[in-house]
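Reading through the structure tokens given below for one structure.
All of the numbers you see were taken from the coordinates with simple rules; none came from a lab. Remember, predicted model here, so these are calculated numbers, not experimental data. Neighbour counts run over all protein chains shown; Cβ positions are idealised from the backbone, glycine included.
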């Protein structure tokens, strides 16, 4: 194991010049990548429709091809899923990442081509490991095993030659053979469809392995950790895995979970890296050991060409996107991507804010559909996550999950924000917690603060404490337990909140 770890350290560092290149020449790298994408797809159905052969510049590409949402490209994806070749990308595409669209019950199917799997999803994971080894002389990930906690994949029943599943499951299925010697549990357990069965089997297998790293969504990692501690009788995970070094997390903001992970891995031995790997591609990652909360480097040479929609364009029928060179620090943008999976000027729905342009670094701020602006407060997920994390730190509380929705209090448009919170460790005073959370949110969001001034538009927020396990049981009742499924943090209407309240009262 030590010999292989030394060999791997040399091998993985061969990726570093490419990373340094796109950090130094971001616009040039992106423009060359777009030219390659367009040239590769020029003879597809889509490429012929928009005459890709005659497109020579990013400006011409923007004029020719419209901004697309999932509903716009689904007819093309549907044809691909039934075996039609050369539709959005050359050749036959047999694998599709299944995204639930959070909890709305409607699945999205995102094509995963062979080249996007290799040069985007898997490449992103390699980039993180390469930088970890560069930044840490004592990196020993390959002296042990990486724990893999993902979803599952299945046959697409209407056309059995096609397979669909969580992007994590697609990646696991296509891992290079040698990697299997350095991962746990076995592939069969990793891809078990029943999440409760998967967790039980992993809790039985992995304590006997020398686990050094894990890449997963915090929500589901905690479920596994609790099961392992209960099965082993240990007080923390370092008693189970003394050589554990690295936790790579994504899918949700990590800050509300940070204290829980400190309890699972006490001390300062374990490193934490933020990743942004969506169904559509591996977009960004934290490439330093330490970074400002949530900050990640945009990966510019992994098969994705980026554009950005300013907030003022989100509701327009024909929105205009800007290029990477035109983004401004601190502004909120919706991502627009063109990829080697055949997504063209596609809007995944994520919103980001840039923190640096030398190199380009960003933070996820939320979703274009997950915000609250009923009273002009413009609250996004990044605001509520940060306010909640600060409040938990101040009160020594710990939360498992939460969701927020607006509540109208009168016919003159006065209202409040209604919170459902599942605590792992309750605060001594829920009233004090509510007051602090409200104050912290005002400090973070000036629009919310203005609406809260003298209760003129918004009254103090209202918190309901709900029983342990409610959110996960609600997801299970919808068939969305485990994998990449997650609870909607914010909504501008009350559908999710009222569903959960009704579910908890049964």
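For the pair region 117-141 / region 148-174, the C-alpha centres are spaced 24 Å from each other.
Along its principal axes, region 1-131 has C-alpha extents of 51, 38, 28 angstrom, given from the largest down. Ellipsoid fit via the Cα gyration tensor, region 371-505: semi-axes of 24, 18, 13 Å, each the root of five times an eigenvalue, largest first.
Taking a cut-off of 39 Å, what percent of all Cα-Cα pairs in region 1-367 are separated by more than that? Counting every Cα pair in region 1-367, those more than 39 Å apart make up 15 percent.
Sorting 137-150, 61-74 by their mean Cβ neighbour count within 10 Å, with the most densely packed peptide first, gives 137-150, 61-74. Quick note on region 208-288: its Rg to Rh ratio, both from C-alpha atoms and Rh being the Kirkwood radius, is 0.97. The Rg/Rh ratio of region 119-250, with both radii computed over alpha carbons and Rh defined as the Kirkwood radius, is 0.98.
With 10 Å bins beginning at zero, the pair-distance distribution over Cα atoms of region 386-438 amounts to 23, 50, 20, 6 %. Considering helices alone, the calculated mean residue ellipticity of the chain at 222 nm is -10000 deg cm²/dmol, with DSSP H runs of length four and up weighted by -39500 (n - 2.57) and normalised per residue.
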